[in-house]
Amino acid sequence: MRIDPWASTQYKDYSMLREQFGIQEFKFDMPDPHKLFRRGIIFGHRGFDSVYSAIKEKKKFAVLTGLVPSGPMHLGHKMTMDQVIYYQSLGADVFITVADIEAFGVRGIGFEKAKEIAINDYVANYIALGLKKSQIYFQSKRKNVTDLAYKLGRKTNLSEMRAIYGFNDSTNMTHVFAPLVQVGDILHVQMDEYGGPRPTVVPVGVDQDPHIRFSRDIAAAHRLFNVTETKDKKIGVFVKTDENVDKLLNEAEKKVRNMGYADLKKIPKYKALYMLGASVSDIQKIDESLISVEKKFGGHAFCSPAATYQRLMTGLTGGKMSSSEPGSAIFLSDAPRDAKKKIKNSKTGGAVSLEEQKKHGGKPEECTVYELLLYHLVENDNELEEIYNNCRSGERMCGRCKDFASQLVEEFLKNLKEKSESAKDTLNDYVVDE
């Protein structure tokens, strides 16, 4: 199986995805958790331990997300922004890329059109949803991103790109280059100009996992050190290059001694430094501490980017919620009456008749209306649980839920419209033209 970040596939078996692609289950005790965390909508992660440590210790960390300006913003996109705003409340530096190079290469959307969609359909809504001052930039205008993509591309090749993305002989080269630009997006926030190396999290739907794996692989490929546990259970720092081996080992030794590790064994022949008093739980902090050493030697040294994975919203008609299928999504630009009409026509988990539903109950886990309540519209967990149980028992009919969700959506869209109009006066505080 291959995950395609540009397809309209709807992924449902999340345990299989975790097993097959090595995504770890999300089990972190987040402070004052957002409902996306409380309800298991954030189902997995890669490398979130470093971000969690930064949150607990109140250290610097960053969050990066992106938008592909190919269509209007819908509730599926809102989930990602809800998570970004939550991380910002915990102290994260926020970076948002407008993926106009990807939109051009994959969707054929011109740069001016992409800018118009991004500002009018996304940025104003981000501010209305609660985003504070952040860096929102365009891929095509941030030279550090494209330059970094070009430089980091030396550590990959076309066969790897084919294996990850399924590129073939007819794939245009802008499309091929677009994932490297995404790597530039994800890693450039750790350049000195943007705050320096620090844990960085990228909240995504599972369909974007190829970009995360690719970014983590490239970040690791450019490191000069590898910190790992050996077969005989020792923690070792290993130099990955043949240049300046002795100097690198000496600098690494100074660094780890300053961290309090005294029982060391250096073996230059094996390009190795062993820390006999260290444990597996120390690997992360040792690895991150050596980034400053690597930078002295001109290395592209970045903390391996982390990711959290959220369940993809089901479209109102079934399948994946998509900007290209207007009936499948509630767009944040929808008139309330249009959104209510979509909900009235949506696919539910009800039985074929009222009698059958009263007798056997409904299936909220298969209902797109219940999903709207679960992901977005009902904040109180006890209220949501009551709705779920009443549906399962046959006490609550689909019409009632549709009316309830329609009312909540109408209120949400009216309030958002007012806030987004006001937000247009502050766009210059968010969008940077470089």
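Read-outs: derived from the displayed coordinates by stated rules, not from any lab. Quantities reported herein were computed from a predicted structural model and do not represent experimental measurements. Here the Cβ positions follow ideal geometry from the backbone for every residue, glycine too, while neighbour counts run over all protein chains shown.
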Q: Could you pull out the GluC sites (Glu not before Pro) across segment 227-333 that fall in loop regions by DSSP (anything but H, G, I, E, B) with no more than 11 other Cβ atoms inside 10 Å?
A: Glu243
Q. Percent relative contact order of segment 317-434, based on C-alpha pairs within less than 8 angstrom and at least six residues apart?
A. 27 percent
Q) What relative contact order, as a whole-number percentage, does segment 225-296 give when Cα pairs under 8 Å and 6 or more residues apart are counted? A) 37 percent
Q) Out of these labelled values of Cα Rg over 2.2 N^0.38 Å, (1) 1.07; (2) 0.93; (3) 1.03, which was calculated from the coordinates shown here? A) (1)
**Q.** On Cα atoms only, tilt of 245-258 relative to the major axis of the chain in degrees
**A.** 70 degrees
Q: Would you work out which of Ile387, Ile164, Val237 lies farthest towards the positive end of the dipole of the chain, given +1 charges on the beta-carbon of Lys and Arg and -1 on that of Asp and Glu, about the Cα centre?
A: Val237
Q | 222 nm mean residue ellipticity, helices alone, for the chain (DSSP H n ≥ 4; -39,500 (n - 2.57); rounded to 500) | A | -12500 deg cm²/dmol
Q: Give the relative contact order (percent, whole number) for the chain; include only Cα pairs under 8 Å separated by 6+ residues.
A: 20 percent
Q. With axes computed from alpha carbons, what is the tilt in degrees of helix 173-188 against the longest principal axis of the chain, rounded to the nearest 10 within 0 to 90?
A. 70 degrees
Q. Suppose R0 equals 45 Å; then what is the FRET efficiency for Ser422 and Val280 from their Cβ-Cβ distance, rounded to the nearest 0.05?
A. 0.35
